[in-house]
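First comes the structure, then the notes that go with it.
The values are calculated or read from the model by the stated rules, or taken from the named source; none is laboratory data. Given the structure is predicted, the values throughout are model-derived calculations rather than measurements. Here the Cβ positions follow ideal geometry from the backbone for every residue, glycine too, while neighbour counts run over all protein chains shown. Heads up: the accessible areas ignore ligands, DNA and RNA and are worked out on the full protein's heavy atoms, side chains in. Shrake-Rupley method; radii C 1.70, N 1.55, O 1.52, S 1.80 Å.
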Amino acid sequence: MSVVSKDRIAEPWGSRTPYGSGQEWPVRVDSHLAEGVTPDQVDRWVRSASILHSNGDALDIAVKDGRMVGVRGRSQDRVNHGRLGPKDLYGWQANDSRDRLTRPLVRRDGELVETDWDTAMDMVVRRSKELLDEQGSSALGFYTTGQLFLEEYYTLAAISRGAIGTNHLDGNTRLCTATASAALKESFGCDGQPGSYTDIDHADVIALYGHNMAETQTVLWARVLDRLAGSDPPRILCVDPRPTPVAREAALHLAPLPGTNMALMNGILHEIIRQDLVDHDYVDAHTVGYDGLAEMVADYPPEHAAEICGVPAEQIREAAALLGSAERLLSTVLQGFYQSHQATAASVQVNNIHLVRGMLGRPGAGVLQMNGQPTAENTRECGADGDLTGFRNWSNDEHVADLAAVWNVDPMRIPHYSPPTHAMQIMRYAEKGSIRFLWISATNPAVSLPELERIRSLLAQEGLFLVVQDLFMTETAELADVVLPAATWGEKTGTFTNTDRTVHLSDKAVDPPGEARSDLDIFLDYARRMDFRDKDGAPFPQWHDPESAFEAWKRASAGRPCDYTGITYDKLRGGSGVQWPCNDDNPDGTERLYADGRFWASSDVCETYGRDMVTGAPQEPSDYKAMNPDGKAIIRTAEYLPPHEEPNEEHPFALITGRTLYHFHTRTKTGRAPQLQRAAPEVWVEVSPSDAREAGVSEGDLVEVASPRGTIRARARINDIRPGVLFVPFHYGYWDTVKDGEAGGRDRAANEMTVTDWDPVSKQPLFKTSAARLRPLDGGGHVPAPAPTTTASRPVSTEVSETHGGPDAATEERIGGGVS
Amino acid sequence: MKIHLALHELYGSESALADELLRMADQHADEHEVRHVSMDLARWSREHVRELAAAGERYGLNLGDSEVDAPEPLPEEAGALSGDSSDPELLLLADLRRLHRMAAGVSLDWDLLGQGAQVVADTELLALTKRCHPRSLRQMTWADAMLKTVSPQILSS
């Protein structure tokens, strides 16, 4: 065992611990404690997992004198083998910020003023009842997050759908994980991640589609880096218009024009099929729809696809050869596909590569349709997004009746006459005034949704009663009629599930500040004050705390793919991380789905009857039964369609937005952790060297970026992004800016510029297909852009000083394990 | 032989459908999904119109020269949802209902042309109908699906 100290801002992935194909990933325990605190001074270590990304890294929270003082990775956990990422190591400090909300606020004479819980909740309840009397359940909407716990989502779903009976419940997971869920449902009949992180240990080819894993899931990327540093390394395929750390390690990097993923995928599949790199036995035994795919992609020879995507035809052939020669192929997909034009259709093509090559359900052969947020998976399972609880099918009356029986409510109460209303449609109904009560929990649409001027004005409407439940006075909370102070991670108990179906328990470590309450307590308090009842007159929901909520959820999950019936809080406290399904048949959980080539796709069990890949129209049950009588995997396909907004003379650039390694969402937490904030303190825009030259822009120059909808100002980072493309990180809003000047100084958020458009299948908004222009402003001053040098934003100039964290970023790494 | 009449009819109905989809995209520009999908679907119809014009040439028709007047969109029967309302919500319902009927008409016309193509053993024309007809059905299904999605909120508020 060796112990090293690392600046994990400067070295986000930490020390290498190389390993070979099929070997166990070595343990490396990362820990960071507050300055001056030594391990022996820690009173308690409290079990939890990462809350600032979707990887689900298991960790323990250090508590001293009733306060959080640090974190340490859990060596025995299957997900991270002890490692933590920069956001985990430093982000916990935000809990203790002085500007946490500690009392409820209500709007009086235009101002938000502090009040007590009874007053605030009475206002919420009174308005709910008035609207239910006046208009009915269609007047009420709920917009939640990907950061609460399973118990909270399940409760919110029960209240919205089972008690109120509104169809208007969705999460901001619509922005991050809707396409993952849709693509899995379309291909396999039901949601559920097929692969496992352990597939990295075995794969000989790893393909990342629009997935900058190095920045979105740093610990998972460390696993890949360790394979690359070991014997028998995998070959990497990277599809991304940016020069990401993934692209730097790739055997092959394709940088398609934004909005053309479908043409690229059709071109690659054209070659795979033309060269007959197809596992026909698998296709015949386990799939339907192969002929349709072959017919469709016949129209996309590499030269044709190359013309559309701006990728050399030769590279498309090489990609097909790489994928076609893999013996153990792992594919991962994220926002470069999910937030782009034809999102679901393109993501489904990744599934199709695995289906036609028979690459599913065995070590190294898997698909990971990723999530962006830590608990996004649970919104899908619990039905706190546009899904029905327990991966049930809203258009299957028996599934609805089954859920109603679990809840002990009338099936007619649960809306299932049309697909659950998705987030962008909820906002549209609010804009038109037919949703008049909107309860937003733990998300910040006034910075994170597209076309912000529109979002701000619709949220600020007089006729909309807006409830915001959060930790801080966010840009959205400022528009609210009632603000409810919430407890967060480390201050409450509950479970959550990562991208590869691993369930962790997160125990309460410290008390929340002031009068802040857990989201579960707030939702249950609302239900009691509303006096919701089940069919027997008992209070509904029938549970009262995290563990009873979890036990209730288990009954709702029984017999469904996301079966939790074999999991208890005690079991989670005894081990560390269990993959569902976990039940009598699989008491230790399930590493990979579909190992036997059988799917949850027969018409009586599937979660969806499918949608048209172009129009998004739901397919009729009878059509589905005729198409897929034996419940096999479904190979769906579509032609390429050009994006709805393309660069033109006035707006010659394709604008894409995205994350950076050091921040999460709108920086409500990471902007309050000094090490993270210093690493990426301000917004920037990435420009290619040739575009910068043409525009007369140098590194660090102040520029204006404008789309048909809005304008921002930022410093230019000149990097190796694909020419013709601009990138702006979406994290930067206005809570920490000086509010003066024109337009209230609203010239920083990337979403001032983004287009209102979404994938018709998954309803995920498109953040990767806006057109924009760029012009230099005065006032460069030879200061480099405030962008990290460690990430995709690495400058071409060698004169920019390297991003580092300083002494307070020192992190201990114990390679080989053990705790100090 | 009257197959040119079927071609002529379909050319007209498909052209009208393309125009109607573009009109809807414009009319309901704030209903973002209606707008974007309408434009994608208009692309299909315009493609069909071009292919029909090319097929028409083989039957001595000069459809591309647009001496054919596209029929006016179907007159609405009188009623509360007739579409002459100034309420944009009711107008949306009326437009989706009309779109469904127009797409159904186009679908029927493809059926008709397909029958003609078979009886004269015109394999090229038959292939065209097989390629295009499913899209009319998808356009129709979309209008129905959109109607089902937006109507509950409109009818309840």
*What do you reckon, is residue A:64 more than 19 Å from residue A:679 (Cβ to Cβ) and outside the structural domain of residue A:146 (by TED's automatic domain parsing)?*
yes
*Could you list, in sequence order, all residues of region A:670-699 that are out of contact with any Ser or Thr (no Cβ under 7 Å at 6 or more places or on another chain), touching a residue at least 60 places away in the same chain (Cβ under 8 Å) and over 21 Å from residue A:736 (Cα atoms)?*
A:687, A:689, A:691, A:695, A:696, A:697, A:698
*Across region A:102-140, what is the number of residues that are assigned to a loop (DSSP other than H, G, I, E, B), within 14 Å of chain B (Cβ to nearest Cβ) and open to solvent by 30 Å² or more (accessible area, probe 1.4 Å)?*
1
*Restricting attention to region A:32-51, and to residues there that are in a loop (DSSP other than H, G, I, E, B) and touching a Gly at 6+ places or on another chain (Cβ under 9 Å), which single residue is most open to solvent (accessible area, probe 1.4 Å)?*
A:43
*asked:* I'm told residue A:377 meets every condition in (1) open to solvent by 10 Å² or more (accessible area, probe 1.4 Å); (2) part of a helix (DSSP H, G or I) except one. Can you identify the failing condition by its number?
replied: (1)
*touching a Leu at 6+ places or on another chain (Cβ under 8 Å), closer than 20 Å to residue A:156 by Cβ and either at pLDDT below 95 or of a type in the set (D, E, K, R) (or both): does that describe residue A:392?*
yes
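Listed here are the residues, each with its yes/no results for (1) touching a helix residue (DSSP H, G or I) at 6+ places or on another chain (Cβ under 7 Å); (2) closer than 28 Å to residue B:127 by Cβ.
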{"residue": "A:294", "(1), (2)": "yes, yes"}
{"residue": "A:308", "(1), (2)": "yes, yes"}
{"residue": "A:319", "(1), (2)": "yes, no"}
{"residue": "A:325", "(1), (2)": "no, no"}
_Looking for something open to solvent by 20 Å² or more (accessible area, probe 1.4 Å), modelled with pLDDT of 95 or more and over 19 Å from the mean Cα position of the chain (by Cα) - is there at least one such residue anywhere in region A:754-766?_
no
*Mind listing just one residue for me: the one in region A:157-168 that is away from chain B (no Cβ under 14 Å) and in contact with a Ser or Thr (Cβ under 6 Å, 6 or more places away or on another chain) and, of those, farthest from residue A:386 (Cα to Cα)?*
A:160
*With respect to residue A:361, determine if the residue is within 30 Å of residue A:554 (Cα to Cα) and out of contact with any helix residue (DSSP H, G or I) (no Cβ under 9 Å at 6 or more places or on another chain).*
yes
*Here are A:336, A:358, A:324: which of them is in contact with a Gly (Cβ under 6 Å, 6 or more places away or on another chain) and outside the structural domain of residue A:667 (by TED's automatic domain parsing)?*
A:336
*Using beta carbons and a limit of 8 Å, which pairs, at least six apart or on different chains, have the first residue in region A:190-218 and part of a helix (DSSP H, G or I) and the second one open to solvent by 10 Å² or more (accessible area, probe 1.4 Å) and aromatic (Phe, Trp, Tyr)?*
A:214/A:13; A:218/A:13
*Take region A:270-286 and flag every residue that is part of a loop (DSSP other than H, G, I, E, B) and surrounded by fewer than 17 Cβ atoms within 10 Å (Cβ to Cβ).*
A:275, A:276, A:279
*Return only the number of the condition from (1) open to solvent by less than 30 Å² (accessible area, probe 1.4 Å); (2) closer than 22 Å to residue A:439 by Cβ that residue A:533 does not satisfy.*
(1)
*Residues (in contact with a His (Cβ under 8 Å, 6 or more places away or on another chain) and either aromatic (Phe, Trp, Tyr) or buried (at least 23 other Cβ atoms within 10 Å of the Cβ) (or both)) located in region A:686-728*: none
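Here is a yes/no grid of residues against (1) crowded, with 23+ Cβ neighbours inside 10 Å; (2) modelled with pLDDT under 95; (3) away from chain A (no Cβ under 14 Å); (4) out of contact with any His (no Cβ under 8 Å at 6 or more places or on another chain):
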residue: B:30; (1), (2), (3), (4): no, no, no, yes
residue: B:35; (1), (2), (3), (4): no, no, no, no
residue: B:41; (1), (2), (3), (4): yes, no, no, yes
residue: B:47; (1), (2), (3), (4): no, no, no, yes
residue: B:51; (1), (2), (3), (4): no, no, yes, yes
residue: B:58; (1), (2), (3), (4): no, yes, yes, yes
*Among the residues of region B:127-147, count how many are farther than 20 Å from residue A:296 by Cβ and more than 13 Å from chain A (Cβ to nearest Cβ).*
0
*asked:* I need the strands (runs of 3 or more DSSP E) fully contained in region A:695-738, keeping only those with at least 2 residues that are on the phi < 0 side of the Ramachandran plot and in contact with a helix residue (DSSP H, G or I) (Cβ under 7 Å, 6 or more places away or on another chain).
replied: A:711-718, A:725-729
*Could you list, in sequence order, all residues of region A:15-31 that are of a type outside the set (Val, Ile, Thr) and open to solvent by less than 10 Å² (accessible area, probe 1.4 Å)?*
A:19, A:20, A:25, A:28, A:30
*Quick one: in region B:133-153, of everything that is open to solvent by 20 Å² or more (accessible area, probe 1.4 Å) and among the β-branched types (Val, Ile, Thr), which residue is farthest from the chain's Cα centre (by Cα)?*
B:149
_Residue, farthest from the chain's Cα centre (by Cα), within region A:179-217, restricted to residues that are open to solvent by less than 10 Å² (accessible area, probe 1.4 Å) and among the β-branched types (Val, Ile, Thr)_ = A:205
*In this structure, is residue A:302 open to solvent by 20 Å² or more (accessible area, probe 1.4 Å) and in the same structural domain as residue A:212 (by TED's automatic domain parsing)?*
no
*Of all residues in region A:614-629, how many are outside any helix (DSSP H, G or I) and either of a type in the set (Gly, Ala, Ser) or more than 13 Å from every other protein chain (Cβ to nearest Cβ) (or both)?*
4
*Would you check which residues across region A:52-69 are surrounded by fewer than 24 Cβ atoms within 10 Å (Cβ to Cβ) and part of a loop (DSSP other than H, G, I, E, B) and list them?*
A:65, A:66
*Would you mind stating whether residue A:549 is in a helix (DSSP H, G or I), at pLDDT 95 or above and crowded, with 17+ Cβ neighbours inside 10 Å?*
yes
*Hey, can you tell me all the residues within region B:97-126 that are within 14 Å of another protein chain (Cβ to nearest Cβ) and crowded, with 23+ Cβ neighbours inside 10 Å?*
B:99, B:103
*Collect the residues in region A:248-282 that are out of contact with any helix residue (DSSP H, G or I) (no Cβ under 9 Å at 6 or more places or on another chain) and in contact (Cβ under 8 Å) with a residue 60 or more places away in the chain, keeping them in residue-number order.*
A:259, A:281
